[in-house]
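The values are calculated or read from the model by the stated rules, or taken from the named source; none is laboratory data. Everything numeric in this text was worked out from a predicted model, so none of it was measured. Every residue, glycine among them, receives a Cβ derived from its backbone with ideal geometry; neighbour counts consider all protein chains shown. Heavy atoms of the whole protein, side chains included, go into the accessibility calculation; ligands, DNA and RNA do not. Shrake-Rupley method; radii C 1.70, N 1.55, O 1.52, S 1.80 Å.
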Amino acid sequence: MQDYVDIGRGRSARRVYGLHQIDIVPTRRTRSSHDVDTSWRIDAYNFDIPVMTHPTDALVTPEFAVEFGNLGGLPVINAEGLWGRAEDLEGALQQVIDAAGSAEDDLTGTLCSGNEVLQKLHAQPLDVDLLADRLQIVRDSGVQFGVRVSPQQARQLAPAIIKGGIDLLIVQGTLISAEHVHRDGEPLDLREFIGSLDVPVIAGGVVDYTTAMHLMRTGAAGVIVGSGETTNSDSLGIDVPMATAIADAAAARRDYLDETGGRYVHVIADSALRTSGDVAKAIACGADAVALGAPLAAAQTAGGKGMYWPSTAAHPKAPRGQVRSTYPREGLSLEQVLFGPTPNPWGEENLVGGLRRSMAKCGYTDLKSFQKAELAVRI
């Protein structure tokens, strides 16, 4: 039963919950974490861990993509990022890092310097051939990977990207609907668009039951819940706490499963997930997998070298998300970030190891059963 409260005369609002407001309740049975299976299968693709990357150049260089894929996750490359705009990708990333670092060191400087450099770099034209060459590096490694396009550019970019060979297409905006309407072009009907493609599509983000259901009906293999690691609440006033958003999307998944007689659509949580506890709570709320951004920025192979920014930070008019330093510890391998070992007791490292232990402490050995864990709400 949904809970509504009056916020003034004639205006009410739904009471919703963030991940920090809920906790997982263990059962009487516990297991060894060695017995826990964290594998995730979506469409025809199998992954050892239920984690994909947020599609940002702050993380996903070709080297990072290959390493992340070899460690069992799904790397997602931003087709509209710097891979296809900067001949010297490493040099371009260093420009962003230097600008943001200088602003942090200079108390009189602007904290948006990194965003300004990103905007200038993204103003360069997108070279599809350059993008294809860099995608080929990942393809030649043999890892499975996804490529992200925005709803605005999906119709234009997807055919060439798919022709070059990718595993999954991610159609992702800050928020998305089943039909993206814009004044200067033909609306993107996702049902028609997805039906015309030869690769599975993950689409998002959404924050409510109705939109999640609409996206599932387009034929998407997965739906992203959340708007990514952006400052939406500050810049747009839009935000829905993730515990409620995930639970609503999971309810849409259940109803759509009944509606279609068995078609299962995956729910992927993509928001400001910071710790292994956040990952565990997201899955316990109903997510099949998570998309991580800032927590992976500590890895040596991450493009930002300790700096992080979401894909929306480069928007030419309304950047949402800041180039910032996110992590105090340096020199970590990606394997340490995901699997440990670590001296850090706060869940910021050994992200998958923490998930395994949470599942084991609650007596669950696979992700689907862990979605049924009992939850408690903090008042």
| task | Would you kindly calculate the mean projected area, averaged across all directions, of the convex hull enclosing the Cα atoms of the range 224-379, in square nanometres? | result | 11.2 nm²
| remark: Packing-ranked peptide list from 313-325, 7-19, highest mean Cβ count within 10 angstrom first, is 313-325, 7-19
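Measure off, as a whole percent, the carbon and sulfur share of the 1.4 Å-probe accessible area of the chain, all protein chains present. Working shown, then result.
Values: 8190 of 17190 Å².
Ligands and nucleic acids excluded, carbon and sulfur give 48 percent.
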| remark: P(r) over all Cα-Cα pairs of the range 253-312, 10 Å bins from 0 to the longest distance, whole percent per bin, short to long, reads 21, 36, 26, 13, 4
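Dividing the Cα convex hull volume of the chain by residue count, how many Å³ per residue is that? Could you put the intermediate results ahead of the total?
Working: hull volume 62.1 nm³, N = 379.
Taking only Cα atoms, the chain has a hull volume of 164 Å³ per residue.
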| said: How many angstrom lie between the Cα centre of the range 54-69 and the Cα centre of the range 275-311? | reply: 12 Å
| request: At a temperature of 4 °C and a viscosity of 1.567 mPa s, determine how fast the range 3-115 diffuses translationally according to Stokes-Einstein, using the Kirkwood radius over alpha-carbon pairs as Rh; express D in µm²/s, rounded to the nearest whole number. | output: 68 µm²/s
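Counting only pairs 8 or more residues apart or on different chains, how many lysine pairs in the chain have their Cα atoms under 25 Å apart? Write down the numbers at each step before the final one.
On the way: K120/K305; K120/K317; K281/K361; K281/K368; K281/K372; K361/K372.
Here the count comes out as 6.
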